[in-house]
Structures are given as structure tokens and as C-alpha cells.
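Taking it in order: structure first as C-alpha cells, then the write-up.
The numbers here are math on the coordinates, done by the rules we state, and not lab data. Please read these numbers as outputs of a predicted model, since none were measured by experiment. Cβ sites come from the backbone with ideal geometry, for glycine too, and all protein chains shown count toward neighbours.
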Amino acid sequence: MKQGKLIGLLVLALLTSVTRMASQARSTPSAATVTFEDITKKSGITWIHNNAQSAARHLPETVGGGCAFVDYDNDGWLDIFFVNSGTSDFFTPATPLRNALYRNNRDGTFTDVTVQAGVTNDSFGMGVAVADYDGDGFQDLYVTSYGRNTLYKNTGKGAFVDVTNKAGVGAPGWSTCAVWVDFDNDGKLDLFVSSFVYYDKTLNVLCADEQGRRYYCIPRHYKPSPSRLFRNNGNGTFTDVSADAGIAAFPGKSFGAVATDINNDGWMDLFVANDTMPNFLFVNQAGKKFEEVGLAAGVAFSQAGKPRSGMGVDAADYDGDGWQDLFVANIDYEFFSLYHNNKDVTFTDEPREIAAATQLLSGWGVRFFDYDNDSDPDLLLVNGHPDDFVEMHNARVKYKEPMVMFLNTGRHFKNVTESSGAVFTKDFSGRGLATGDFDNDGDLDLLVSNNREAPLLLRNDGGNRNNWLGLQLVATKSNPSAVGASIRWEAGILKGTRLKTAGGSYLSSHDPREILGVGSALKVTALEIRWPSGQVDRLNNLPVNRYVTLIEGKGPAAQK
Amino acid sequence: MIAGKYYHLIAIWLVLAPGQTVVVPRTRTVVVAQTNTDLINRLETAATLIRDDKLVEAERQLTIILKSNANQPDALNLLGAVRAKQRRLDDAERLFSRAVTANSSLISARMNLVQVYLIRGKPDNAISELLEVLRLDPTNAEAFDKLHPLLLSQKRGDEFIKLIEQAKTSRAVSSSLLISLGDIYLQKRNAAKAEENFRLALDQQSDNADAILGLAQVAQLTGDRATASAYLDRAKKSVVNSAGTLHRFAIVAWEADRYEEANLALTQAIKLNPKDPTFYVALGNTWLKKPDLVEAEQAFRRALELQSDNPQAQMYLGYTLFLQGKYPEARQQLEKSLLKQPNVPQTFYYLGLISQEEGHDQSAIELFSRTLQLESSFADIHFALGRSYLTLKNYTRAQEELELAVKLKPDDPKAHYQLAVLYARLKDPQRSQQHMQIMQRLEEAAKSPKKPTP
């Protein structure tokens, strides 16, 4: 949505606000009028993912790659990063492959700055996690790979340098999702890295159909490997604390991971989706270690006791009861999981409307986000089957699949895919998903990375018909990303809460800012930030439809 | 009684309503006295006229006879046939009855009476007449053929058994009757007698698919899966293009967990007889097993197109919709099914599962309890109850129900899983782990890879 249209829409919102307030506890705009426009071509993004597909069907080929919204040059406009495959023990590209960094031109177009930024990389990339790990005010990149991961430190001068070795976070093997989270509340961002199976080209199992065609094997055939947790030493180095923290004791086949606080104790927990294995719920024991409670919590298996093919994950308080709920995207016929938090470290899987819509889908990117600015988190699923031959043996399941959008109706979700834009009628080999307001118009746009095809940049048109307040949280004592901050706001009769989670989705990284939807309210009457450090900041009567920078313990800095 | 000469009368067709044709079969014989030439001639003439549909003239001939002898049984029988052709069934029944009263051995009148009873929906009267015919003429094949489906339809299996077993001592019984007899013994779970009769049927026709399938069912009844499977393979070579036999094959294949073959047989049966909702219900169940919920849903919906109030189709459609997460319509179909079949435990069970998925565990418990009232040995119910109690954090009841579930169904990994969750929550990691290990062992044992294994 262009900002020029905003004034007219604000007038409209004002005129209709009286009616809305009288009839609805929550302001619910006509979600059908919020659509997403595919502007990829217009934006100048030409990069295409190369999955290195081979006749041998090596498993890493089909699971990448990720994407990120990242403001790498601190100009207040989100730039875009894509992860590509690359050289590995089973793949030597004819010409070197590279990741892609696109700088935002602030007019809906982007310029490829990958080479000058120094983030081409030729490893077999998987995902990306963005954060200012060293607190220097610039966003850094951690790129996971099949092979060796890379930590790119942002120099602040439009470029990055590879500091992996110095930092000690190379984590060889097959890493998938990474999460920057301050697990011990020491004000520094630590790093959790999901590991998939033990794999190299000699371990590739032959899975073939009757005609001898090889297809991507079910991960059941491979051995699980333990994920890693790196503690930030605060001096540019990290210490692998996987064993001491209790993470290494649980080898998995991990894809998506999200950091959230499932028991409201102020310590960030980790929920990790595993493929063909039980999911892990690592509950943080006051920053000392983690206790894996997935089984007792009811999030490890299906209700029938079967491990599912967990891929993408996310966490949010979707029903506004103050407790973080969890979501896992699984493979076709397994149903996706919506775990409602029972407030006692147990969950109940209640997919309801989502179950019917996802029966035949395989989900990767997943995100709770308030796309219509009515204050509650809606849900987007990015899908695609990992087996490119699936249609030959299953008439119901497709390799490329549509995205699915759900509107939060309070306690439940309503499928609004058909009314969310023409792009939702198309099929993709979807993998990564990042949300962010790349055009700074106050509604969340989408970035989708597809396997072996072009990515998608989808502009939100209509989400900012409802009013909003954008927050850029700047920590002084807490971790630089303010991960774990709890935000509460009131705007008229509307009340919202949000925990600043980290990770989630699949191989991707979102806009670090928070957009608080306030419906038709004309100001945010009360705003409370509970920082991970314990600091509580309260502000009143904030004007809407703008971004504000809030500094921990100090309040608003400057208005963008 | 007139004796010595036999008149084979024509088949009499009654058209009861447009498109509905019912046959009054050939009256077997009319016995007349050779000494009364005039009477014989008139009866023969009347029979010919009836055959030629010249009913008024036939009636005139018969009236002449009856004027001189109002209870002449053959004339009464033929006049009854005239009335039947005129669709005057009350009169026809009365005349056939008078004929039988006048001559209790007049089998043709009894057979005509049977036909009228059948047309008029009086199966018990028809059975009585047929039994009397067989008492008079134990070799009457037509009476046999009519009686056995009637007895079966009236759930008078014991009488059928008695009838056929008696017949077996005095005459050759057709293979179809022997198979029917075997089927009844199967229903009574008398494997030995069932096998005996299927084998007798096979002695008559060595490639009789129904008999072979019957033997497969006997093997299934006795738990001999290997033998059942062998018979099923043998039947495959003999299954003819009969929808009924294909349906039977599908049922046996289903029991043998050979769902693909069951599916194919039912698909073929439906090609031969696309109007039988039972076939679609069975087909839907094979799709459920594959599983292909979309195809299953289509099959059950097709059954309901053919018979909109088929409670089985409604129940299974409801279940299929439940599996797809389409809870509101699933509930609607199950509730419709209950209207016609209010005491089917499965229906309450499925409704309970929907409540459970919708987060209404208290309602689910009530529905599961209703299921138990109807079917106390329904093992899955205890699992379902345990799961709901677990959700409601009533761990004592959850433990009771889940332990009972694994006792009744020790090979069910689901219950072991729920027990593992329960004990994990009760901080008993050892027992939790035990159940997890059992569950994993069972899962491994049951695992059949969807794709070829490497």
C-alpha cells in the first residue's frame, strides 16, 4: 500500500469507527478487502533458487532455502536476503551459486548488492537468522548450511565479514533453522541451531519407484543429529553449551524452531519441530539448562502417538488468553497442529478449521501475524511437497501447493485464502516465509522463498485500513533484539498483547519491528513494555499510524 | 379329485404399477379326471384362453364349471389366476384359498397363493404355504428356491437349516442352497457345518467362487489367516461377473486386510450393478483404509444419492468428514444416521470424537459413555475416554480408562502413547518410558512403508 493512499483511508476509518466501536468488541475490518499483490517482477528481484537437483536425489536439495527481511544498512527500510544452495560433497555447480542481498530503493524496487556486501557464499545454504548479536547497532546474518554455517558480521558500512571461525559457530553437519535468543537473560543474544540428520553423499539411501526413478527419501532412513546451543560470550565468540544445557542429549531431525515463553516465567523456551520424530519442547530452567517435556506437554506426537513430519513452527497467543500457543506444519495427511496452551505446560491440539484446509498439504513457512491490524494474530501457511514425484503415486497430493491464509476470529481461524489475492490461487514449491513492512506503510508484507524457483514478494494491500503503531525496540540492558519482551497495549476498547518471540517459520527471519494493530482507534491509550531485563516502560496516548523507536528505560526516541 | 392328466398352465404376469412387474409363476399342474371329458376340455380351454389373455372368455368357461360344482378346485385355481391377471388380488387370494380348501394337495393353487402373498407383502403366509408344498412334494425345487431367501429375509435361519438338512437326506440340493446353508452356519459361527456345506457345493461345481469364498470365511472365523488367504487367491481365479460374488469377494478380502483387492472387486461390482448403495458403502470403507478420504467421501455420498436415508452411508460419511476435519457436516451426518439407527454404538463414538477434537471433552465423555452402554466391549472407547480425562486433567480416571484400554487391546499403540503422556505428567518417567517403548515396538511391527523400502 502506498503511503499516499493512507490519508484517505484514515478518514474512512474515522468515519466508520463509531459504528465499529458500537457493534464489535474487537475492530474487525473486512478482511476480505485485504489482499496480497505479487510485485516480485516489479520489484526487480530476479534471483532464483537453485536446489542443485540431481538424479541421485540428495535430501538437502529439497528442503532449502530460506529468506529474510533485514535492514542491513540501517536506513529504516527493510532489505531482502535469500539463501541459495552451493557447493557440497555431492554437488559442484557449473558456475558458482550465490545467495542474494537486495537493497530497498524505498520505491518498491530493490537493487542486488550481494557482491559488494560480501554475502555471496558458496556453501550449500539452508536458512538465515538475523540479529544484532554483538550489539553494535547493525543487523548481522547467520546462514545455516548443509556443510558449514556462516556468521556474517555487519561492518556498518554496507558490507559483511565472515567471522564464523572466530565466533566458533561453524557447526558442521546439516543445520537448518537458527534462532537468536537470550536463553540465560544476560542481555546477550545466544544462538540455537537446529540440526537435521547425519548425512553425506555416501549415506544417501536409494529410494526408487517401480520404474527405477529415484525420489527424495523419507527422513526415517537417516539418523538424527543433535541440535546446538551457543552461549554468547559477549566478546564476539560463543561457547557451545549444547551438552551442559541438555540440548545435545536429544538428537533430532529438526527443522523449524521458535523461542517463546510457554509458561510465562520470563525465561525463553524452545519449541523444535522434528521430521518423523517427536517434536521437542525444551523448557528453560532459569537459564541454567533445558528440560525436554514434549511428551508430557502433548506436543511431541499426534494424538494417536505417531511422530509427524514437523517442518515449520511458530508461537503466538492466538486467543488472547495471555499464554503462548504453538503451531507446527506437517506433511500431507498428517494434519497441521495448533497446540492451545493449557497454562500448565500442557497443550491440546485443536487444529479445527485448519485441519480441513491442510489435509493434503505439506507446510514449511508458517507465521502468526496480524495482517489486517485488528490486533490479533492471523496465520499464513506456505506449502509444497518435498517429493517432486509425489503426483506419480498420489493423485490427491501436488508437488507445488498453494499458500493458505487464515483470519483470526477470536478463538478460531477462518480460511480466507480465496479472498486474499490472485497469488493465492497459484501453486509453489514453498519453503521459507518472512513477514515485514518493506514499504513502511504500516501493514505486514510477505517474502516467500521457493525451492528451485523464483521467490515471491507480496505487498499487503488494505491491511493498513485499520490503524497501527509500529515499534522499534532498542534495548539498553536487555538483548539487542528485545527477544522475550512482552508488549501490552490498549486502544479504545481494544486490548492487545504480544510476546516478542524469535525464530519460527522455516529457515527465515522477520522484520524485527512490531506493528501493533489498533483497529479503528485513533490513539494507543496505554502501552507497556516488559523488557527481558525486568525493566517495565509505560507510555500513554501515543498517536497511531507511525513508527516509534522505544529505548529501554528511556521511552520514545525519534519518530520515523 | 380329478386325476391322471396334467395341464401345464402358462405363467401369469401381473403388472401392479407402471414399471413394476411381478411374476406369478407357472402353476405346476392341474390334475383333472379323465372320466370327465367335458370338464377337462373346459379347463384346457380356460387355460389356453388365460394364456392368450382372453380373460372374459376364460371366465365364462370356468363359470360354467363352477355352476355345476362350486368347489371344483382346478376351476377355482384358474379363476384365481384370471383375477390375478385382472389385478383383483383380494379375489385372487380368496379363490386360490378356496381351491386349496377344496383340494389340500393342489400344489399349483398353493404356489399361486404364495405368489399372491408375496405380492401383497405377507411373507409369513407365503412361508407357511411353501412349507406345506414341500411337505406334500419334498422334491419341489421351485418351492425350495422360493423358500430359502424368504426364510433368510425373515431371519428364520433355523427353519431354513432344518429344511435343507432334511432335503439333503432325500434329494440332491443345489449348490446355491448349500452355499446359503453354509452362510447361515457362518452367521451362527458354526465353522464345521459351514465348511461341510461349502465343500458339498464345491463337489458339485469345483470352481464355484461363492463356495470358495465361503471356505475362506470359515478359515477367517477360525483365525486361520493363511488358509483364508489361499482360498481368497483361489477364488480370484473363479470370480465371475456377478456383482453379488464380487461383493462377497470384497468382504472376504477386507477381512484379510487386502483392501486393494476389495477395492477393485467393489469397483467391478459397481460397474455391473451401479444402483446398489451397499456396494458404495463397502467401497467407501476400502478407500478409508487406503486411506483416500476424498474417494471415500465420494463413495458414501454416491450411496446417499441412491438411498438418501441410508444410515450406514450417513455414519461412514460422517466419520470420513470427521477425519478430514470437517466437523460441522460430520456431526450433521452422524445425527441423521442416529435418527434411523438410534442404537449404533459407533455413531455415538464418532460424535464423541468430534466433540473431543472441538475441545468439548465433557460432552465427549457423555457420548463415549453412551457408546459403552450400547456396546460394553468397545475397547476403543476406553482409549477415547482416557484421552478426554487426560485433557480434563482427571488423571485418576484417565489412568483407569487407559489401563483398561491396553488390557482389552494390548496391541493398540495409541493407548500406550496416552499412558506414556499420563505417566510423564505424573512424574513417573520409568512407566512413561515403558509405555513409549511398547508403543514404538508396536509401531515398528505395524509399519508398512508407503513407498518401496531402500
Between 0 and 90°, nearest 10: helix B:293-306 axis offset from chain B longest Cα axis
30 degrees
Kirkwood Rh, segment A:187-228, all Cα pairs: how many Å?
12.7 Å
Highest to lowest packing among A:375-387, B:199-211, scored as the average C-beta count within 10 Å
A:375-387, B:199-211
For the protein assembly as shown, what does the helix formula give at 222 nm: sum of -39500 (n - 2.57) over DSSP H segments with n ≥ 4, over the residue count, nearest 500 deg cm²/dmol?
-11500 deg cm²/dmol
Quick one: 3J(HN,Hα) in Hz for segment B:187-201, Karplus 6.51/-1.76/1.60 with θ = phi - 60°, rounded, Gly and Pro as x.
4, 7, 6, 9, 5, 5, 5, 4, 4, 4, 6, 5, 5, 4, 5
Could you rank the peptides B:287-296, B:320-329 by their average count of other C-beta atoms within 10 Å per residue, with the highest value first?
B:320-329, B:287-296
What angle do you read, to the nearest 10 degrees and between 0 and 90, between the alpha-carbon axis of helix A:6-23 and the longest principal axis of chain A?
80 degrees
By its C-alpha gyration tensor, with a ≥ b ≥ c as the square roots of the eigenvalues, how is the protein assembly as shown shaped: rounded for a/c under 1.5, else prolate for a/b larger than b/c, else oblate?
prolate
Distance from segment B:59-119 to segment B:133-150 (C-alpha centre basis), Å:
20 Å
Residues whose placed amide H lies under 5 Å from that of A:ASN467, excluding near-sequence neighbours:
A:VAL518, A:GLY519, A:SER520, A:ALA521
A:ALA526 to B:GLN433: FRET efficiency via 1/(1 + (r/R0)^6), r the Cβ-Cβ distance, R0 51 Å, to the nearest 0.05?
0.55
Relative to the longest principal axis of chain B, what angle (0 to 90°, nearest 10) does the C-alpha long axis of helix B:55-68 take?
60 degrees
Inter-part distance where segment A:496-525 and segment A:125-182 are each reduced to a Cα centre, Å:
24 Å
With the dipole of the protein assembly as shown defined by +1 on each Lys or Arg Cβ and -1 on each Asp or Glu Cβ, the option from A:GLY118, A:THR276, B:ALA46 whose Cα lies farthest towards the positive pole is B:ALA46
Mind jotting down the distance between the C-alpha centroids of segment A:269-307 and segment A:60-115, whole Å?
32 Å
So which cysteines in chain A don't have a second cysteine's C-beta under 4.7 Å from them?
A:CYS67, A:CYS177
